[in-house]
Every structure is written in structure tokens, then in C-alpha cells.
Amino acid sequence: MPCIIETDRLILREFTLQDTGFIINLLNSPGWLQFIGDRNIKTEEQAESYLANGPIKSYGQNGYGLWLVQLKDNSRSIGMCGIVRRDTLEHPDLGFAFLQEYTGQGFAFEAAKATMVYAKSDLAIPTLSAITLPENQRSIKLLEKLGFRYQSPITFPGTTTELLLYIH
């Protein structure tokens, strides 16, 4: 798969249907379940559907989406980072999630910063949103380090979960 973004330590590329094993692992990791929620992705078929109807569909519709983050030195898949177009938000949304063993090492900052540069320079997206749960202090800290500013609480239609909306 062609590389979308390359940093000193990382490669961000489009997901393919061959990434189902990683998706099952990431979407069932403790951090994902706690801060993003259970997507009920437990089988290869469910993971294929998630990829086909999520990131892969977004590449065709929007020209961007969530990308697989891999270590440059050994191609190990460690997380996802990219841009999501949500009907409920005015601006495209920066999203990221990493396996627990790769947190606290600067990978999320490196991937997110490179994604923001790509969004502005290559995709001509001048403003990005980001959303997070109020209790997700690591994401809040990362968003603030990236230069995002808190705007307001937000609740998506059909849910009662209050999220924090950030803008950059």
C-alpha cells in the first residue's frame, strides 16, 4: 500500500482488508473500549465490514480517512490516525488511537502533527475539529500540545454521552 505520510519513525498508509487482525486487536484494546467504545468487532468478517464501510469508504468519498500507523523500522502496526468527515461536525475531525504498549512514546503526537500538516498543505483543510471524552486526559493533553483549543461540550444526536469539542 502506498505511504500517505512518512515521519522520522512512522509510516501512515491506507487501510486494506488485509488489516483485519490489527483492527480486531486495536478495537478491543482497553484504551479503545474505555475512551471510544465497544464497536462489537470480534471476527474477521466484522473487521472487514468496519474497514470497508469506514476508512476505505472515506478514502473514496472524501479523499482522506483514518490511516494505519506503522513503525518505519519494522512495519509493525501500532495505531491509527487520520481525518474523519462527520455530518455532525462543521469541520473534519482529527482522530487517533494507539495500542497501549505504544503510548507515552511520542508516536501519537508525531502521527497527529504530520496528519495536521498534510491536512492543511495537501488537502487544503484549513480547520480541524477533535472530540474526546472529558475523562480522557491523555487525549486532551495531546490535543492541547498540538495547538487545539477547547470550544464547547457536544453531544451527538441519538446519544447522551457528552464530549469535548476542540478546534485547530
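The values are calculated or read from the model by the stated rules, or taken from the named source; none is laboratory data. All values derive from a computational prediction rather than experimental measurement. Cβ atoms come from the backbone with ideal geometry, glycine included; neighbour counts cover every protein chain shown.
Restricting to the stretch 12-56, name every residue that is touching an Asp or Glu at 6+ places or on another chain (Cβ under 6 Å) and loosely packed, with under 14 Cβ neighbours inside 10 Å.
17
The rows are residues; the columns are (1) within 23 Å of residue 104 (Cβ to Cβ); (2) of a type in the set (Asp, Glu); (3) part of a loop (DSSP other than H, G, I, E, B); (4) at pLDDT below 95.
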{"position": "13", "(1), (2), (3), (4)": "no, no, no, no"}
{"position": "19", "(1), (2), (3), (4)": "no, yes, no, no"}
{"position": "25", "(1), (2), (3), (4)": "yes, no, no, no"}
{"position": "34", "(1), (2), (3), (4)": "yes, no, no, yes"}
{"position": "42", "(1), (2), (3), (4)": "no, no, yes, no"}
{"position": "50", "(1), (2), (3), (4)": "no, no, no, no"}
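Which of the strands (runs of 3 or more DSSP E) contained wholly in the stretch 57-110 include at least 2 residues that are acidic (Asp, Glu) and either at pLDDT 95 or above or surrounded by fewer than 19 Cβ atoms within 10 Å (Cβ to Cβ) (or both)?
none
Suppose we keep only residues that are among the β-branched types (Val, Ile, Thr) and over 17 Å from residue 116 (Cα atoms) within the stretch 135-166. Which one would you say is surrounded by the fewest Cβ atoms within 10 Å (Cβ to Cβ)?
Checked the stretch 135-166; the qualifying residue surrounded by the fewest Cβ atoms within 10 Å (Cβ to Cβ) is 160.
Going by the structure shown, is residue 8 of a type in the set (D, E, K, R), in a loop (DSSP other than H, G, I, E, B) and either farther than 28 Å from residue 160 by Cβ or in contact with a strand residue (DSSP E or B) (Cβ under 9 Å, 6 or more places away or on another chain) (or both)?
yes
Using the structure shown, decide if residue 116 is more than 22 Å from residue 31 (Cα to Cα), of a type outside the set (Val, Ile, Thr) and touching a residue at least 40 places away in the same chain (Cβ under 8 Å).
Yes: the conditions hold for residue 116.
Is it the case, given these coordinates, that residue 159 is touching a strand residue (DSSP E or B) at 6+ places or on another chain (Cβ under 7 Å), without any contact (Cβ under 8 Å) to a residue 60 or more places away in the chain, outside any helix (DSSP H, G or I) and farther than 17 Å from residue 10 by Cα?
No, not satisfied.
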